[in-house]
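Each reported figure results from applying straightforward, stated rules to the coordinates on display, with no laboratory input. As the structure is a computational prediction, the values presented were derived from the model and not from experiment. So basically every Cβ, Gly included, is an ideal-geometry build from the backbone, and we count neighbours across all protein chains shown.
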Amino acid sequence: MFNKVVTNQTKTMLLLMLVFTAVILCFSGLVYFSIVNFSHQRFYELLKIRAATIVQIEKSKEHIDISENGIMSTFNGEELPMEKDYVFAVPSDYNFQSISEEVKIPDSFFTTAVNSGEANYNDREFYYIGQSFKVGDQEYIAIASAKNHYVIYYLGFLKRTLITCMVMSIFFSMIFSFYLSRTLFKPISKITGKVKEISSENLHLRLESQPDNKELNDLVDTFNDMLNRIETSFETQNHLIGNVSHELRTPLTSIMGEADVALSINRSVEEYQETLGIILNEAEKLDKKIKALLMIAQTGFDGKIQKMDKVRMDQLLWDVIETLRRIDSRNNIYLDINMLPDNPKKLKVQGNEQLLHLAVANIINNGCKYSNFQQVKVSLGATDTDVFIVVKDNGIGIPQEEINKIYDPFFRASNTKNYEGYGIGLPLARNIIRMHNGELIVSSHENQGTTVQLRFPNFYSIQREEKLS
C-alpha cells in the first residue's frame, strides 16, 4: 500500500535524507570519538610526565620516610586539575589490598605496575598512571592522578555542539533533498504534462529537449520518433480513408454502368467487345490503385521491421537509371558524380535495397515524365555523416498554393491533367525515406521545374551513434 501511495519523488527525497543523515552521523561520530581518544591519550601523556617527575624527585632523596599505612609521601601539586600524587613502597608479600582501599584503585593496577613497570587506570572522572622504581633494594610505585576537566566539560560541550549541528544538518538536508528531488523530477513532470496533452487530434506536438540532460533527451528523442511514426501512420490512414472511396468508386461506377448498359438490350458482338474493353480498362485501373494502396499501407512508417543491410547508393542509382531507361527509352537522365567522396564507404547507407530502389525510381521517373522527357540531372554526394541525392528537372513544376498537398495519396496538381498517374509515387517515396531516417525536401515553381533533395545518414555514422548511446 505504501509503494502505491508514495511517489518516486518522495522516495528519492527520503533516500537522499537517509544518505545525508547517515553520512552526517558517521562523520560526527568519527570526530567525537577521535577527539575523545586524543584527549585520553594526551591526558595520560601529561600524567606520565608528572609520574616520571615524581620518580626523579624520590630517587634524588637520600632517605624516603615510610608512614604507617605504607604511603611514603603525598604530593599535592596544582599543575593539573585536582592533582594528587602518591608514592608507595611495594609490600614484600605483594598484597596491595590496603593500598588499593586507600587510593581506591583496583589491585590489578599495582600488579601491572610492578610487572610491566607502568600501569594506567581511569574511573571516567579521575585518571591514574603509575610507574615502578627502585631505591636501593626497595621497590616503590609512584602514582600521578588528576581530574580530566577536558573530558568532563569540554567534551560535553563538544557533544552538545555536535548534536546541535546534526539536527541543523538534518533539517537543511531535508530542505536540500526536497529541492534536489523536485529539480530532478521537474523535467519528468514537464514531459508527463506534455504527453497528456498529445492525442490523435494534435499529433503534431513534440516534446522539448531538456538542457544538459542526455538520459532524458534520449527518452525525448525516442518518444518524438515514435510520435513521428504514429503521426505519419495516422496521416496515411486518414488520407487513405478520405481518398479510397472516391478513387475506387470511380472505376467501380464505370464498370457497373457499362455492364448495366450492355445488359439492358441485345447488342452486336462489336458493341459487347467495346464494352468489355472499357470494363477491362477500368478494372486494370482499379487493380493498380488497389496495389498502390497496399504499398502505401505497407510503408506507412508504422514501425514494421524491414530487412536492413548496407547499400551503396552510387550502385543503386546506376541500377535505377538503367531500369528507367529500359522501361522507357525516352527517359533522359544525367548522373553528376563530381561530388563523389574519395572514400566510397561514405556512400553506404543502412537500408532495404528494394524499397530504396522503389523510392528513388519514383522520384526520378516523375522528373522525366513531368519535364516531357527533357534531361533530368541527378547529383550524388556525401559528407562524413550523410549521403545526399539531388534530382532536378526543368518540367512543369508545382503551383505554390498546392505544394503543401503533394504528400497526400492520390493528390495530383492542377497542371498534371495531361499526364498519366495516380498521385501515389511521392507519398510512397516519402514514407520509404522516413523509414530509413532520411529526409525529403521538394522545392518547385510552376513552369520552372522541380528540385527534390534526399538525405540519408550513412552506415558508419549510425554505427557511431549506436556505440555512443
> Ranked highest first by the average count of other Cβ atoms within 10 Å around their residues, in what order do 264-276, 108-120 fall?
Replying inline: 108-120, 264-276
> What ranking of CYS368, CYS26, CYS165 emerges when the number of other C-beta atoms within 10 Å of each C-beta is taken as an exposure proxy, fewest first?
Replying inline: CYS26, CYS165, CYS368
>> Only counting other Cβ atoms within 10 Å, I'd like PHE33, PHE234 sorted with the fewest neighbours first.
In response: PHE33, PHE234
> What is the packing order of peptides 376-386, 319-329, taking the mean over residues of other C-beta atoms within 10 Å and listing the highest first?
Replying inline: 376-386, 319-329
> Ranked by Cβ crowding within 10 angstrom, fewest neighbours first, how are MET82, MET174 ordered?
Replying inline: MET82, MET174
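In this model, which of LYS285/LYS310; LYS377/LYS405; LYS186/LYS345; LYS194/LYS348; LYS307/LYS346; LYS186/LYS405 are farther than 32 Å apart at the alpha-carbon?
Those over the limit are LYS285/LYS310; LYS186/LYS345; LYS194/LYS348; LYS186/LYS405.
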> When the chain is fully extended, how far beyond the present Cα-Cα distance does CYS26 get from VAL167, taking 0.36 nm per residue of separation?
Replying inline: 49.4 nm
